[in-house]
Amino acid sequence: MKKRFITLFFAIIVLGFLFQSLAQFTPEELAEREKWEEFLITAKIIKQEQPFEKREAVTEPWVLTLEKDGITNRALWKNPAGRMSGYVENWKWEIVAYRLDKYLGLNMVPATVERRFQENRGSCQFWMDDCITLRDKVEKKIKTPSYKIFPLNRAYYLQRAFDNLIANQDRHQNQFLFTKDWRMILIDHSRTFSSSSKYKKKLVYDEKYKEGPTFIMKELPRAFVEKLKSLNAEVIKEITEDYLTDDEIKFMLLRRDLIIKWLDKRIKKIGEDKVLY
């Protein structure tokens, strides 16, 4: 009986560990996504402010405090469209990143919808409280608990695959959020989906990345890779509606092919069981 109890105990630990390695938002949080999408669209704005300095946020976003049915939460609203500080920005790409995140089962991007504010269209993203940024973590020398290193590394690999797909060449430290229980959340996607010829020929994160070969997609969930393979122009249009142009869709599919080719090469070199899980 004691042996069976010990075996069951370790099975629970292993299952919990595997869940942590795959999930970023919890099942309870994922079940509430549609509720928060509706909240972001329909809740009353009771406060609005622009707390960020221009050098911190070139898109000049607004922090909106929203209230509905006794529930209050903040949201980040922005509406950049065009070249800013040398980069092309577009608020629509925030919404596309969220919708792709849902389709791919990544579950790392907070709820993001279109909402009008001051008579302008823009993206409105659920504000994540009680998180620290990667910059906070580095500057304050906050160590990741040893038992969280493995699942967090897997989250980083997923982030790199996602950013390779959407051509996010600007994932800086303030765009990584960490919850108190060390789940990774990704924000700020208005500088993505590049139609530059550069990002139809190479990946953002590969062995040639400026910070070294540790910034690669070392291992990925099989389910995520199968979802990547299922993408085509029709599927993407259904997911994104009119938020992406035909060229942006075409370039994303070219990057998807580069990701699959890169993974196939790695599998051939070190074995499928070391690349996919």
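Pairs with C-alpha atoms separated by more than 20 Å, drawn from the list 78/141; 92/202; 140/210; 92/218; 78/202; 200/250, are 78/141; 92/202; 140/210; 92/218; 78/202. Mean sequence separation of contacting Cα pairs (under 8 Å, at least six apart), scaled by the length of region 31-126, corresponds to a relative contact order of 26 percent. Sequence-distant contacts, meaning Cα pairs under 8 Å at least 6 residues apart, place the relative contact order of region 182-277 at 38 percent. For region 169-277, the set of GluC sites (Glu not before Pro) satisfying both a DSSP loop assignment and a count of at most 10 other C-beta atoms within 10 Å is given as 211.
Using bins of 5 Å that start at zero, the share of Cα-Cα pairs per bin across the chain amounts to 1, 5, 11, 16, 18, 17, 14, 9, 5, 2, 1, 1, 0, 0, in whole %. Counting only aspartates and glutamates at least 8 places from residue 201 when in the same chain, those with an alpha carbon closer than 13 Å to its own are 257. Pairs with C-alpha atoms separated by more than 23 Å, drawn from the list 208/268; 227/274; 47/68; 180/229, are 180/229. Between residue 139 and residue 33, what is the spin-label point distance in nm, taking each point 7 Å from the Cα along the Cα→C-beta axis? Output for this residue pair reads 3.2 nm.
For residue 44, neighbours were defined as the other residues whose beta-carbon sits under 14 Å from its Cβ, and their charges (Lys and Arg +1, Asp and Glu -1) total +2. Computed from phi, the 3J(HN,Hα) profile of region 257-273 under the Karplus parametrisation 6.51, -1.76, 1.60 (θ = phi - 60°) reads 5, 5, 4, 4, 4, 5, 5, 4, 5, 5, 4, 4, 7, 10, x, 4, 5 Hz, with x in place of Gly and Pro. Magnitude of the charge dipole for the chain, about its Cα centre and with charges confined to Cβ atoms of Lys, Arg (+1) and Asp, Glu (-1), is about 1360 debye. Projecting the Cα atoms of 87, 215, 39 onto the dipole axis of the chain, where Lys and Arg carry +1 and Asp and Glu carry -1 at the beta carbon, places 215 farthest toward the positive end. Does region 31-126 classify as rounded, prolate or oblate by the C-alpha gyration tensor (a ≥ b ≥ c root eigenvalues; a/c under 1.5 gives rounded; else a/b over b/c gives prolate, otherwise oblate)? The shape class here is oblate. Across the chain, the relative contact order, built from alpha-carbon pairs under 8 Å that are at least six residues apart, equals 17 percent. Loop-located trypsin sites (Lys or Arg not before Pro) in region 146-207 (DSSP state not H, G, I, E or B) with no more than 10 neighbouring Cβ atoms inside 10 Å: 180, 201. Over region 108-181, one equal point on each Cα, no solvent: what is log10 I(q)/I(0) by the Debye formula at q = 0.16, 0.20, 0.24 Å⁻¹? Reported log10 I(q)/I(0), two decimals: -0.75, -1.05, -1.29. The GluC sites (Glu not before Pro) of region 80-145 that DSSP puts in a loop, and whose beta carbon has at most 16 other beta carbons within 10 Å, are 119.
The magnitude of the dipole of region 31-126, with charges of +1 and -1 set on the Cβ of Lys/Arg and Asp/Glu and taken from the Cα centre, is near 160 debye.
Laboratory data are not the source of any read-out in this text; all were calculated from the coordinates shown. Everything numeric in this text was worked out from a predicted model, so none of it was measured. Cβ: placed from backbone, ideal geometry, glycine included. Neighbour counts: every protein chain shown.
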